[in-house]
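Reading through the structure tokens given below for one structure.
Bear in mind that the values in this text are calculations on the coordinates, not laboratory data. Every value quoted in this text rests on a predicted model; they were computed, and no experiment measured them. Note: ideal-geometry Cβ built from the backbone for every residue, glycine included; neighbour counts use all protein chains shown.
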Amino acid sequence: MSLVYRFKANHPNFTHTLQDYVGEMVPFARRVKNPLLVAPLVLLKSIEWSIYRWHKTPLRRFYGIKSNELIYMITNACNDRCPKCGIWERPEPKSQHLMINHFITCLKRLHNNLYQVTLTGGEPLLFKRDVVLIADEAKRLGVPMVIVTNARLLDEAFLTHYKELGHILVISIDSVERTKWNEFRGTPSFDIVMPKILLAKRILGDQLRIQSVLSKQSETEIPKVAAWCRQHGLQHNVQLYQDFGAYNWSNAVTPKEMVDDGTPCAARKNICIYPNGDVVKCFDHRRIPLAKEPLGNIAKQDIIEILCTKRSTEISKIMRTCNFPCKHMSCNKPQALLFRQ
Amino acid sequence: MSILVIPCFIRAQSDLNCLRRLLDSVRGQSKPFEKVYVVDDASPLKYEVGRHSVEHIVLESNGGPARARNVAINRALEDRAEHILFTDHDCVLDTDWNTEMTSFLSRTEFGAVGGMTYSWGKTLLDYYHDINGTLAGKWLLPDRKELWYMPSLNFGIKAFAAEQFPFDERFPSAAGEDVDLCLRLRSKYKIGFCPTAKLWHDYGYKSTITGFARFVRLFKKYKSSSATLYEGHTVLMWDSSESIYEGNIHEPRLQV
């Protein structure tokens, strides 16, 4: 599994279409008591089904309650070298990095639908100026924002401004002990970052959260992180390990246990943007055959136009029944299950 | 106090005939409505509602049924309505419709209620809608104890819920605005089903053959709102539902 999708073209799955058709027709046919009317009524039902499936409406409006999360992977680049993550190994070329005005336009277009905009990476604060622009715009539009960071580039001026905006900062920590920390980060950053986390706590207060990744490698460390968070009055969330193309860590929980635990997948709420502006409904889109290609690119198309395509709607429908291990990623969890004390 | 709201857009004499037929059934209710608002959404055909004792609210510009209903909701709230009931001009109410709807709302905790809708016509297309449950609401599965959605042609809502959840006026036609309302409403209240509150809807098919184009147009119109709704209500639309028809209106597990 990788967060980096393939560009190979894929066509809608015929089996899925057939299953959908049969699933509609069989219960309907059972309702018809007169056997002579079964054929004409199933024909009418087929016409209705075909209209809902294939008719392109002249009027496509995008409207919604605040039920979507816009997640922007602002960059693949990172200043840490965590062995659990392979994203930093593939930084996007400068020529492919999305210009910030495209994302701001996207945010403006969608803000009525968003309960949150989230910036992730790579390390988002490598683009601190862009991050501040997005944070200011999100505040102006009334959309709460979350940044997931390794905290290396935090400074007092940024934190003070961020505090004023009222947004949430999430720092990834998998250990609170120097040796393990430096091993997990792939860089000797413990002595640089720890003081910055304490500074962030002092300035942001409740707007600061801690997130850890549970894997076989980190499972003895996570309880210590949790205890440290309790000691400092910080909200803590644990996300089960997913390999992001690095394949260096391993799960503490088997994929079957991850799938069978009854947790719903909330990925359908997501609108995800890659560093080059490609749009997907979930960063693990490629598990769905119809979704192996991005839905569009916000540098070239309007986001609403992208989300209202037939394929986007179709993928949203398929995602209703998603049940893959990636449902345990924080971005795919219902909000109610995050940062519980 | 129950107030009936009828939004209408009268384009032809046939629409007017439908409205008058509805008002006759309104007059024949076993329990009369305290007030009836006919909200005219700037119809091209000018008309009078005649001898029927209704408040005829004429809007200056056409804004769609959502706006027309909101105008009536605001008026009903000013008039201190307890229950606000909705139907359409091409419906015919059963004699006890008001009795059943208001009594259901009064005796239960549901924030809103839907009744059972049958086709008025006798063509195969009308029969299809009866079997299909096109306008008869949808059970929320798996329990079938509340509704996932109820079309606004056979719908009642408690005044306090209507005050919090008005129709969204960005829906320009009679398609999707009621689904949207129900999905939002369900974030706070439940929608109940009252099978004994019956009404008949006239789809306007003169025959199965000549009505076919109208049949196709109807579903094209509903499709026009579906993409909108899918994107706007991603989370709420996870829920499974089943359309209501004669064979499942009295679910054994239904607890009122």
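Miscellaneous remarks
- For chain A, calculated [θ]222 nm from helices alone, where every DSSP H run of n ≥ 4 adds -39500 (n - 2.57): -11500 deg cm²/dmol
- Local electrostatic count at B:THR196 - Lys and Arg +1, Asp and Glu -1, tallied over other residues with Cβ under 11 Å: -2
- Pairwise label distance in nanometres, B:ASN248 with B:GLN13, each label 7 Å out on the Cα-Cβ vector: 4.3
- In chain B, the DSSP-assigned H stretches of four residues or longer account for a calculated mean residue ellipticity at 222 nm of -10500 deg cm²/dmol, using -39500 (n - 2.57) per stretch and the full residue count as denominator.
- Full-stretch length increase - A:ASN34, A:THR160 - with 0.36 nm per residue and alpha-carbon distance subtracted: 38.1 nm
- Model label points for A:GLN231 and A:SER250, set 7 angstrom from Cα along the Cα-to-Cβ axis, are 3.1 nm apart.
- Counted charge near B:TYR205, where neighbours are those whose Cβ lies closer than 13 Å (Asp, Glu -1; Lys, Arg +1): 0
- By the Kirkwood approach, averaging reciprocal distances over each pair of separate Cα atoms, the protein assembly as shown gets a hydrodynamic radius of 26.7 Å.
- Unit charges at the beta carbon, dipole of the protein assembly as shown: most positive-side option, B:GLY121, A:ASN297, A:LEU119: A:ASN297
- Of all the options B:ARG20, B:ARG80, B:ARG217, the one that moves most in a Gaussian network model of chain B with Cα springs shorter than 10 angstrom is B:ARG217.
- Summary of the geometry: segment B:153-209 and segment A:146-168, compared by the centres of their Cα atoms, lie 46 Å apart.
- Spherically averaged projected area of the convex hull of Cα atoms, segment B:77-163: 6.7 nm².
- Screening chain A for whole DSSP H helices with an alpha carbon extent of at least 24 angstrom along the helix axis and a mean Kyte-Doolittle hydropathy of at least -0.5 yields A:14-31, A:35-54.
- DSSP bridge orientation in chain B - percent antiparallel, rounded to nearest 5: 40
- Simple label model, 7 Å out from Cα along Cβ direction - A:VAL26 to B:LYS188, nm: 4.1
- Fraction of antiparallel bridges per DSSP, the protein assembly as shown only, in percent to nearest 5: 30
- Summing Lys and Arg as +1 and Asp and Glu as -1 over all other residues whose Cβ lies under 11 Å from the Cβ of B:GLY114 gives a net charge of -1.
- Evaluated with a Cβ-only charge set (Lys, Arg +1; Asp, Glu -1), chain A carries a dipole of roughly 960 debye about its Cα centre, given to the nearest 20.
- Most positive-pole-ward Cα, A:THR309, A:LEU133, A:ALA77, against dipole of the protein assembly as shown from beta carbon charges: A:ALA77
- For segment B:1-88, GluC sites (Glu not before Pro) are listed when DSSP marks them as loop and at most 12 other Cβ atoms sit within 10 Å of their Cβ; the list is B:GLU48, B:GLU60.
- With contacts taken as Cα pairs under 8 Å at a separation of at least 6 residues, chain A carries a relative contact order of 22 percent.
- Loop-resident chymotrypsin sites (Phe, Trp or Tyr not before Pro) (DSSP state other than H, G, I, E or B) in segment A:188-244 with no more than 12 further Cβ atoms inside 10 Å of their Cβ are absent.
- Between segment B:89-130 and segment B:24-56, the C-alpha centres lie 18 angstrom from each other.
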